[in-house]
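The values are calculated or read from the model by the stated rules, or taken from the named source; none is laboratory data. Just so it is clear, the model here is predicted, and its values are computed rather than measured. Quick reminder, even Gly has a Cβ in these numbers, built from the backbone with ideal geometry, and neighbours come from all protein chains shown.
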Amino acid sequence: MRRSVAAATCVLVLAGCTGEPEEIVRTSGPLAVGFEIEPGSGLVGAVFPTFDEGLHAFLRVDDDLPEVFAAYARQAEELGFPVAPPAWWPDGEWCNDDPELWNSSVTEDTAFAVECSAYGSSISERNGPPYWSMSLRGLAEADGGGYLEISGGSYSGEPVSRPPVEDGPVAEVTDDDVAPEDLAVYEDDQLRIVAGSELVFDPFPATCATGGWVAVLRVTGDLLPVMRGYAEQIDAMRAFTTEGLVGDAEQPSVSSWAAGGGDLSVVGQAGDPAHILISRCND
């Protein structure tokens with residue numbers, strides 16, 4: 001079972017505990033591109049940027065994730081991002097309890113009992129730019145609570161150039177892996193947690209067909225030295241090609257890709273505290 005679930009249920013679940021869970025940043029108000037936080041859910045970490053105008057956010061949900069998920073799907077449609085559940089799921093349901101049908105790459109001993117999924121996109125040669133893409137994914141535990149991931153928005157289709165981040169202090173790398181062995185892509189060098197950052201929750205399985213994971217970390221030190229620590233690790237991985245750390249002190253990022261092996265990206269978002277999103281997709 002995942003550490004975040006096993007360690008202290010009262011810390012994680014919105015219902016039945018005194019005070020807000022430590023990982024919840026807020027439980028109301030706007031996210032981005034028009035989304036509002038639904039009752040029964042709370043933002044975990046930061047709202048990370050994606051595309052020209054978009055968001056990548058994680059929310060903790062109380063004991064009725066399917067209901068909250070459906071509310072976010074309705075919001076997406078009202079905002080001009082119509083989404084639909086996977087076509088191979090029975091009866092067009094948002095949520096499914098059969099891991100064989102899930103989009104996520106999961107292991108047999110997963111802590112999650114239900115996956116909710118919806119996706120929509122205008123990406124096609126016929127439509128042309130500007131494009132939009134929206135993905136909703138929920139993972140519910142046996143009690144019905146869990147996490148919900150929203151990612152997408154609008155973008156022009158034009159390449160974006162960001163200046164390199166200036167050289168400076170580099171935080172040390174610890175001996176702890178970001179992702180556990182059961183989620184790590186088999187040929188990858190392990191990415192280690194950089195001192196000054198810590199996992200907010202255990203990494204999730206990604207929706208990539210051939211494996212991957214996604215993680216959110218809270219920054220307990222200065223953001224740029226921590227980001228340089230991750231960028232240097234990726235630069236040393238022979239399988240990946242990267243342009244290094246780019247952006248600025250508010251939103252530094254590093255993207256990398258491997259021929260036939262997907263990509264690995266790290267995005268930082270300044271704040272009090274700052275947060276980091278790491279995504280590995282092997283397709």
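Within the stretch 221-273, the set of residues being of a type in the set (Phe, Trp, Tyr) and over 20 Å from the mean Cα position of the chain (by Cα) comprises just one member, Phe240.
So that you can scan it fast, the table gives a plain yes or no per residue for (1) modelled with pLDDT of 85 or more; (2) assigned by TED's automatic domain parsing to the domain that holds Leu55; (3) aromatic (Phe, Trp, Tyr):
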position	(1), (2), (3)
Val106	no, yes, no
Asp109	no, yes, no
Tyr119	yes, yes, yes
Ser124	no, yes, no
Asn127	no, yes, no
Met134	yes, yes, no
Gly138	yes, yes, no
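Per the conditions (1) at pLDDT 95 or above; (2) closer than 23 Å to Glu166 by Cβ, the sole criterion not satisfied by Ala236 is (1). The numbered conditions (1) surrounded by fewer than 17 Cβ atoms within 10 Å (Cβ to Cβ); (2) of a type in the set (A, V, I, L, M); (3) within 20 Å of Arg26 (Cβ to Cβ) are all true for Leu65 except (1).
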